[in-house]
Amino acid sequence: MVGSWRPTISEVHGLAPHGQAVRSIFAFRSLKESMRVLFVGDIVGSPGRQIVRDRLADIVAQWQIDLVIANGENSASGFGITPRLAEELLKMGIDVLTGGNHSWDRKEILEYLPHEPRLLRPANFPEGNPGSGLYLGTAKNGVKYAVLNLQGRVFMTAIDDPFRKGDSELAKIPPDVAFVFVDMHAETTSEKLAMGWYLDGRVTAVVGTHTHVATADEHVFPQGTAYITDVGMTGPHGGVIGMDRGGIITKFLSGLPARFEVASGDVQMNCVLIETDDEGARNSAGRLRARSIERLRFCID
Ligand code: FE2
């Protein structure tokens with residue numbers, strides 16, 4: 001075993017009062033195959049992009065992160081992602097970007113998706129849509145990984161079954177891929193939790209996105225799959241799920257269409273840190289088992 005000091009986030013980044021990421025300053029990296037993965041919750045608009053730009057590099061260095069995955073479907077003013085913004089986010093140190101129902105909002109992304117495999121959209125949209133919901137890569141520590149993006153159907157567009165599509169996509173992942181991560185982009189807690197149980201023991205982690213409100217149910221399932229129902233959002237929390245509260249309240253009061261703008265104030269970066277088993281233990285599908293999943297929240301000082 002190789003020991004190393006790892007400072008707390010509060011020491012390094014001066015966490016604001018919302019911060020809860022105070023943890024042991026001791027951390028040990030195993031010489032065996034292991035992964036420390038950061039997932040950044042839905043990045044909303046320019047405030048969300050800005051906090052990632054300001055903080056991510058330091059977090060990756062201080063926490064010895066091997067792989068960074070982020071949901072980027074709201075990065076363009078809350079609705080979709082453009083090629084320019086995808087490239088900007090990838091240059092900030094994000095290795096893979098996942099998507100969701102807003103993946104298709106910007107028409108210029110349709111032509112771009114087939115050319116940038118690190119930008120995913122949910123796999124269970126109809127056959128023939130541009131892009132892919134599965135990415136295979138190699139992390140900076142040499143460990144092979146896969147990221148799968150699925151989308152729920154409850155209170156959302158009626159697309160293909162994410163469970164059966166998940167099965168067929170997982171079957172495409174070669175056996176030498178050690179770390180398998182799933183972003184389940186869905187509205188209801190029940191559909192996300194069902195997916196977590198469905199994939200327990202077959203993937204390393206299932207994290208929920210889309211609702212922009214972090215849940216407090218992070219845990220590792222019995223067969224070694226890390227899970228959280230929703231990671232929460234990276235962006236301004238002074239509004240309603242990232243958008244200016246005035247327009248949202250007006251819509252609820254009137255029932256009429258309203259123009260939504262990105263909110264301001266209380267910018268947070270909500271993430272989860274997933275660590276795999278120190279000894280490189282595998283699940284029944286031959287993938288790395290998760291040891292822990294932890295919520296991290298970074299704020300503007
Ligand atoms: Fe969404």
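Taking θ as phi - 60°, what are the ³J(HN,Hα) couplings along region 109-125 by the Karplus curve (6.51, -1.76, 1.60), each to the nearest whole Hz, with x for Gly and Pro?
Each residue of region 109-125 in turn: 6, 4, 6, 7, 3, x, 9, 10, x, 7, 9, 9, 10, x, 5, 8, 6 Hz.
By count of other Cβ within 10 Å, fewest leading, how are L199, L273 ordered?
So the residues, fewest neighbours to most, are L273, L199.
So, how do all the Cα-to-Cα distances of the chain break down into 10 Å bins, in percent, from 0 on up?
7, 30, 37, 21, 5, 1, 0
In a shell of Cβ-Cβ distance under 13 Å around G196, excluding G196 itself, what net charge do Lys and Arg (+1) and Asp and Glu (-1) give?
Neighbourhood net charge equals -4.
Name the residues whose placed amide hydrogens come within less than 5 Å of the amide hydrogen of M233, ignoring near sequence neighbours (fewer than 5 apart) on the same chain.
Under 5 Å from the amide H of M233: A214, N270.
Take T234, T188 and order them by how many other Cβ atoms sit within 10 Å, fewest up front.
So the ranking, lowest neighbour count to highest, is T188, T234.
Output wanted: per-residue J couplings in Hz (rounded whole) for region 269-278, from phi through Karplus 6.51 cos²θ - 1.76 cosθ + 1.60, θ = phi - 60°, x for Gly and Pro.
Whole-Hz 3J(HN,Hα) from phi for region 269-278: 10, 9, 9, 10, 10, 10, 10, 8, 4, 4.
What is the sum of charges, Lys and Arg at +1 and Asp and Glu at -1, for the other residues whose Cβ falls under 12 Å from the Cβ of G78?
-2
Report the net charge of residues surrounding D95, where surrounding means a beta-carbon distance below 12 angstrom and charges are Lys +1, Arg +1, Asp -1, Glu -1.
+2
Which whole-number percent gives the relative contact order of the chain, counting Cα pairs below 8 Å spaced six or more residues apart?
20 percent.
Got a sec? How would R295, R164 order by Cβ neighbour count within 10 Å, fewest to most?
Going from least to most buried by this count: R164, R295.
Work out from phi, with θ = phi - 60° and the Karplus expression 6.51 cos²θ - 1.76 cosθ + 1.60, the ³J(HN,Hα) of each residue of region 53-59, listed in order in whole Hz, and give x for Gly and Pro.
Those phi angles translate into 4, 6, 10, 4, 4, 5, 4 Hz.
I want to verify a result. In a Gaussian network model of the chain, Cα cutoff 10 Å, which of these has the top mean-square fluctuation: G99, G242, G255?
In the Gaussian network model the winner is G255.
Lysines near K144 by alpha-carbon distance under 24 Å, same-chain residues fewer than 8 away left out - which ones?
Within the straight-line cut-off, K144 pairs with K32, K91, K165, K172.
Any idea how far the Cα center of region 145-160 sits from the one of region 206-278, in Å?
Centre-to-centre (Cα) distance: 17 Å.
Only the coordinates and a few stated rules stand behind these numbers; no lab work does. Everything numeric here is computed off the predicted structure, so don't read it as measured data. Cβ sites come from the backbone with ideal geometry, for glycine too, and all protein chains shown count toward neighbours.
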